[in-house]
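Some notes on the structure that comes next.
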Amino acid sequence: MRRLSALAIFLWLALPSLALASTSENPEEEFNPEHDFELGEWIPIHLGPIDLSINKAVAYLILGTICTIALGIFLMRARIGTKNEVGRRQAVGEMIYEIAQVQVAEQGLPHKAMGLWFPYVAALMLFIWTINMLGFIPLPLSTETFEIFGVELPTLAVYAATSSISVTLALALMTFVFTHVEGIRYNGVRKYFKSWIPDVPKAMYPLIIPLEILGQFMRLISLSVRLYANMLAGHMLILTFIGLIFVIGNLAIAVVAVPAAAAFYMFEVVIVVSIQAFIFAALSAIYIGSAIEPEH
Amino acid sequence: MFNLIAQEAASNVDAGKAIALALGIGLGSLGAGIGIGNIFGSMIQAVARQPELKGELTGIQWLGFALTEAVVFYGLIGGLLAFVLV
């Protein structure tokens, strides 16, 4: 049974090669890894000037939301095990909970804010982990098609919603807004903005104050660009290595390119996906915590 | 004649862009490489001295790793922006 499932997973992961093999038949089409990150409108929805169309990233986000909710219910809500035994599912659920509590929330959030902001931080971690992970599973969510045994099938492609900056910027904006709302709510407007200014001589104020204000906005940029660029670069590395076969046009290069791409794939899946989810949640906790309890 | 000059200028611009992108990523990864080496080196020293602190240090280590590693990607994004906008 275990061998069978391993074989099934292997075949599933090997399937995109069919799609790549079929596109190589028309040589006019130039290989360009950036092409995979373009977002075409699938279902156009326009409300006045606002563009609410459903595109690839939105589809992945919806799927990611469903998967996150399902994961939470599957691991933490259902009645698990018999009597007092701890089942394997519960063990995994408790492990995730413990990471969210000890490693993420308690690093930054003060005790009095834990009840209100622990759910946000933990949900952020699980959600980003899920959409990052979905980005490395080949899914038939693509407008391109390929033909196999006379049947038109959508291409299996790897694409992460987090490799679009709009998604990560929206997530970072939530943290940014919550940080300042909570800072003002706990400390009052005057005390909160005063806490931004470090202890320096008054003569330094014209230099320090603009820098501190800029620093607050730099947090927003660094938080969003870190996640976005990590996922984009990871996907591009894998695609570029596979694409080398078509750029050079020699199948022998596959001996080097495919293992290299597989190695980067493993590195991304094992390390980068979890680290980025952890880091986003941990930094959100630290920012919110430091706004609620300023050091000076 | 003018056509040739225009072509050469265009190819020079492309070459400049390629060099800028490569320099951005290369110098970025140089810095990040040193930084990440420092973090893991210090982690090994710290755990070798006080193995009982390993659990607490791991979280801080990964935080530092991700913060440092992001520097490469600022270089990458800057380079890509130069490629697209200029």
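Each value in this text was obtained by applying a stated rule to the coordinates, not by laboratory testing. Keep in mind that what you see is a predicted model, and the values were worked out from it rather than measured. Positions of Cβ are generated from backbone atoms using ideal geometry, with glycine treated the same way; all protein chains shown enter the neighbour counts.
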**OP:** Quote the charge dipole size of region A:173-237 about the Cα centre in Debye, to the nearest 20; the model charges only the Cβ of Lys and Arg (+1) and of Asp and Glu (-1).
**Re:** 180
Subject >> Tensor-based shape of chain B (alpha-carbon gyration tensor, a/c under 1.5 rounded, otherwise prolate or oblate) >> reply: prolate
Original post:
Listing A:Met125, B:Met43, A:Met231, A:Met1 from the residue with the fewest other Cβ atoms within 10 Å to the one with the most, what is the order?
Top reply: A:Met1, B:Met43, A:Met125, A:Met231
Subject >> chain B: most fluctuating residue of B:Ser29, B:Ser42, B:Ser11 per GNM, C-alpha cutoff 10 Å >> reply: B:Ser11
**OP:** Give a residue-ordered list of calculated ³J(HN,Hα) values for region A:165-174 (Karplus: 6.51 cos²θ - 1.76 cosθ + 1.60, θ = phi - 60°; whole Hz; x for Gly, Pro).
**Re:** 5, 4, 5, 5, 5, 5, 5, 5, 4, 4
Subject >> 21 Å Cα-Cα reach of A:Lys56 towards lysines, excluding residues that sit fewer than 8 places from it in its own chain >> reply: none
**OP:** Enumerate the lysines that A:Lys191 could reach by cross-link, defined here as Cα to Cα under 21 Å, with residues fewer than 8 away along the same chain left out.
**Re:** A:Lys112, A:Lys202
Original post:
Using +1 on the beta carbon of Lys and Arg, -1 on that of Asp and Glu, and nothing else charged, what's the dipole of chain B about the Cα centre, debye to 20?
Top reply: 120
**OP:** Choose one of A:Pro154, A:Leu141, A:Phe193: the residue whose Cα lies farthest towards the positive end of the charge dipole of the protein assembly as shown (beta-carbon charges +1 Lys, Arg; -1 Asp, Glu; about the Cα centre).
**Re:** A:Phe193
Subject >> Inter-probe distance in nm under a simple model that places probes 7 Å from Cα toward Cβ, at A:Met1 and B:Ile19 >> reply: 6.4
**OP:** Pull out a ≥ b ≥ c, the square roots of the eigenvalues of the alpha-carbon gyration tensor of the protein assembly as shown, then state rounded if a/c is under 1.5, prolate if not and a/b is larger than b/c, and oblate in the remaining case.
**Re:** oblate
Original post:
Which distance in Å, rounded to a whole number, links the C-alpha centroids of region B:1-73 and region A:254-286?
Top reply: 15
**OP:** For A:Leu141, list long-range residues whose amide hydrogen, built 1.01 Å from N in the peptide plane, is under 5 Å from its own amide hydrogen.
**Re:** A:Ala157
**OP:** For chain B, build the charge dipole from Cβ charges (+1 Lys, Arg; -1 Asp, Glu) around the Cα centre, then report which of B:Ser29, B:Ala82, B:Ala48 sits farthest towards its positive end.
**Re:** B:Ala48
Original post:
Under the classification rounded if a/c is under 1.5, otherwise prolate if a/b is larger than b/c and oblate if not, where does region A:164-296 fall, given a ≥ b ≥ c as square roots of the Cα gyration tensor eigenvalues?
Top reply: prolate
Original post:
Which ³J(HN,Hα) values in Hz, rounded to whole numbers, follow from the phi angles of region A:253-258 under the Karplus curve 6.51 cos²θ - 1.76 cosθ + 1.60, where θ = phi - 60° and Gly and Pro get x?
Top reply: 5, 4, 4, 8, 5, 5
Subject >> Ascending count of other beta-carbon atoms within 10 Å, so fewest first, for A:Asp199, B:Asp14 >> reply: A:Asp199, B:Asp14
